[in-house]
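Worksheet: the structure to be examined is printed underneath.
Just so you know, all these numbers are worked out from the coordinates, no wet-lab data involved. Please read these numbers as outputs of a predicted model, since none were measured by experiment. A quick note on method: Cβ atoms are made from the backbone with ideal geometry, for glycine too, and the neighbour counts reach across all protein chains shown.
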Amino acid sequence: METQITFLPQKKTLKVRSGSTVLRASREARVHIPTRCGGNAGCLMCKVKVAPDQADALTPPTEAERRKLGPLLNQGIRLACQANIIGSAVVELPEDPLKAAIRKQLERQNDDDLW
């Protein structure tokens, strides 16, 4: 059975086989989600955010996710290597720290230019 996943902020949508991990789908969509542990819930680099109304589109958190993420699960944070897609889902990737710093600097410059 096929379903789909959309990655934000890239706005890339991909049809995937139900049961695929978010990490595997991201690779198929050519959306970079960093990982260092090979998908074993060890590095916590592959965190993604799922809106509350999208939570049922992914399998429930694994024991490894519960141990590693704890209260972050309540904020919709999941590990892309552990979350399997079982329905149409939209996941948001955190902004790269360097890009975030540049964006904030540009916003400050634009605000200063207005004055």
Review point. So for the stretch 2-114, taking the charge dipole from beta-carbon charges (+1 Lys/Arg, -1 Asp/Glu), which of Pro94, Pro9, Pro34 sits furthest toward the positive end?
Key: Pro34
Review point. Dipole size in debye (nearest 20) for the stretch 54-115 around its Cα centre, Lys and Arg Cβ +1, Asp and Glu Cβ -1?
Key: 340 debye
Study note, to complete from the structure: Free-by-geometry Cys in the chain, Cβ-Cβ under 4.7 Å as pairing rule, reported as Cys46, Cys81
Study note, to complete from the structure: Full extension between Leu72 and Met1 adds, at 0.36 nm per residue less the Cα distance, a length in nm of 22.5 nm
Check your understanding: Once both labels are modelled 7 Å past Cα along the beta-carbon direction, what's the Lys49-Arg103 spacing in nm?
Key -> 1.0 nm
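In the stretch 1-99, which GluC sites (Glu not before Pro) fall in coil by DSSP and have 10 or fewer other Cβ atoms within 10 Å?
Details: sites: Glu2, Glu28, Glu63, Glu65, Glu92, Glu95; in loops: Glu95.
The qualifying sites: there are none.
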Practice item. Could you give the size of the charge dipole of the chain about its Cα centre, using +1 on the Cβ of each K and R and -1 on the Cβ of each D and E, expressed in debye and rounded to the nearest 20? Key: 480 debye
Check your understanding: Which of the lysines could a cross-linker span from Lys15 if the Cα-Cα distance has to be under 24 Å and same-chain partners fewer than 8 positions apart are dropped?
Key -> Lys47, Lys49
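For the chain, what is the Kirkwood hydrodynamic radius in Å, using each pair of distinct C-alpha atoms?
Working: mean 1/r = 0.0669 Å⁻¹.
After inverting the mean inverse Cα-Cα distance, the result is 14.9 Å.
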Review point. Roughly what angle does helix 97-114 make with the longest principal axis of the chain, taking Cα atoms, 0 to 90 degrees, to the nearest 10?
Key: 30 degrees
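Counting pairs of alpha carbon atoms under 8 Å apart in space and at least six apart in sequence, what relative contact order in percent does the chain give?
Details: 179 pairs, mean separation 37.4, N = 115.
Once normalised by length, the contact order is 32 percent.
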